[in-house]
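Read through the structure below, which is laid out as structure tokens, and then see the notes.
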Amino acid sequence: MSKHTVVTMPGDGIGNQVLPESLRVLKAVGFDADYVHADIGWDCWCNNGNALPERTIELLKKHELGLFGAITSKPNKAAQAELKPELQGKGYVYYSPIVTMRQKFNLDICMRPCVGFTGNPLNYIRKRTDGGFEEPHINTTVFRQNTEGMYAGIEWTNPPEIVRTALNSHAKFKAFANVPGQDLAVSVRIITRPAARRIVTAAFEYAKKKKFKGVTICEKPNVVRETSGMMEETAKEVKKNYPEIQLWSTNIDAQLMWLNKNPEDYNVIVASNLFGDILSDAFAGLVGGLGFAASGNIGDTVAVFEPTHGSAPKYAELNPPIVNPIAMILSAAMMVEHVGENDKAERIRNAVAEVVKEGKVRTYDMMRISGGAKSISQGAASTVQMTDAILAKL
């Protein structure tokens, strides 16, 4: 019997291309696991009215470890139009399966490492005053609160009367009191102190483990006073338990500006859901883009690991596949580290680093050329060739 059982959820589009490549790497590094396939994504929605089937939920409950590829997600009206005819008009509502998964299993800690690999032509550089340039080493992990905030899913267009009555009790709502219901959309941003404390504590524990000198709380408490205020207040409380680690506070808008000035100064950043999503994509852009962006969604029992890129349907049918599998492979390495096999995780990351530094094998994104069938003839490595190069280093 294998040591681990992993629920594999390739999902849609290129998820079906990159997830199998990560399994090749896991096998090569000696990760002892059985893999159980589970359905998720657009086909499930179109055929059943549910993008996250109950059978997949049950598998995650049982095995508590998941590896996820990518999904297609569309606005609700477009989603309704693609349901099977016999399901249309039956009251089915599309919900993002990954968001549902996070809330179902309280995967409230999202870790998104953004690490620059030496030799990556996509790395951020900045000019010096003498006309030269420098390439700062970026090693940032964004801790994103994963279940609350603007992604809690509590929203209305044409809110019911009981909601409007509650909103009318707030002085600031007077400006909107006469807006017709069909012209009014409301989304609720929710922060709870226990969830804020848990994500901030995870960030401080990570900083302590990695011997980083500080944690940055990135919010907007000067405007979003109640919810961002609670995040910042909680961060200050948690910091008292870590006297050796500094706490810095930045506003989300200013932080995005500072990304282009001194990104190397930020090793650990913690933020609420939407701000963390924005920050992690922004930092990913400095270290190669979504082809290098891994993540982990971690709860008390269940953990699911995924690249942060989408399903890229325009590339899904290309043969050979051309997309960069590194984000998926790094996500698998995060999973391996999560279950305590740190040496194997480090071997995977080192193999990726060697391939990138050597520069002989590069996917189309690393060559700064357009993706498409012609990219291979222009010298780009295929998805499989990139994995082969990483396997050779292992």
Which numbered condition Cys46 fails, given (1) hydrophobic (A, V, I, L, M, F, W, C); (2) under 24 Å from Asp300 (Cα atoms); (3) surrounded by fewer than 20 Cβ atoms within 10 Å (Cβ to Cβ): (2)
Segment 173-211 - residue that is crowded, with 18+ Cβ neighbours inside 10 Å and of a type in the set (Val, Ile, Thr) and, of those, nearest to Trp248 (Cα to Cα): Val200
Exclusive hit being in a loop (DSSP other than H, G, I, E, B), among the aromatic types (Phe, Trp, Tyr) and under 23 Å from the mean Cα position of the chain (by Cα), set Phe212, Phe204: Phe212
Some residue of segment 10-19 being part of a strand (DSSP E or B) and either modelled with pLDDT of 95 or more or assigned by TED's automatic domain parsing to the domain that holds Glu337 (or both): yes
The lone exception for Phe105 - which of (1) surrounded by fewer than 16 Cβ atoms within 10 Å (Cβ to Cβ); (2) out of contact with any Cys (no Cβ under 6 Å at 6 or more places or on another chain) it fails: (1)
Odd one out for Leu286 among (1) within 15 Å of the chain's Cα centre (by Cα); (2) surrounded by fewer than 22 Cβ atoms within 10 Å (Cβ to Cβ): (1)
Matching option when the condition is more than 22 Å from the chain's Cα centre (by Cα), at pLDDT 95 or above and surrounded by fewer than 17 Cβ atoms within 10 Å (Cβ to Cβ), among Val361, Val384: Val384
For Lys27: the one exception among (1) more than 18 Å from Met328 (Cα to Cα); (2) surrounded by fewer than 18 Cβ atoms within 10 Å (Cβ to Cβ): (1)
Unique residue being on the phi > 0 side of the Ramachandran plot and either outside any helix (DSSP H, G or I) or not assigned by TED's automatic domain parsing to the domain that holds Val339 (or both) when the list is Gly69, Gly30: Gly30
Residue in segment 345-358 that is farthest from Asp300 (Cα to Cα), counting only those that are touching a helix residue (DSSP H, G or I) at 6+ places or on another chain (Cβ under 7 Å) and buried (at least 21 other Cβ atoms within 10 Å of the Cβ): Val355
Residue within segment 312-333 that is aromatic (Phe, Trp, Tyr) and either in contact with an Asp or Glu (Cβ under 6 Å, 6 or more places away or on another chain) or more than 20 Å from Asn273 (Cα to Cα) (or both) present: yes
Filtered residues of segment 315-351 (kept if over 17 Å from the mean Cα position of the chain (by Cα) and within 26 Å of Ala373 (Cβ to Cβ)): Tyr315, Ala316, Glu317, Leu318, Asn319, Pro320, Pro321, Ile322, Val323
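The values are calculated or read from the model by the stated rules, or taken from the named source; none is laboratory data. Only a predicted model underlies this, so the values are computations on that prediction, with no experimental measurement involved. Using ideal geometry, Cβ is built from the backbone for each residue, glycine included, and neighbour counts are taken over all protein chains shown.
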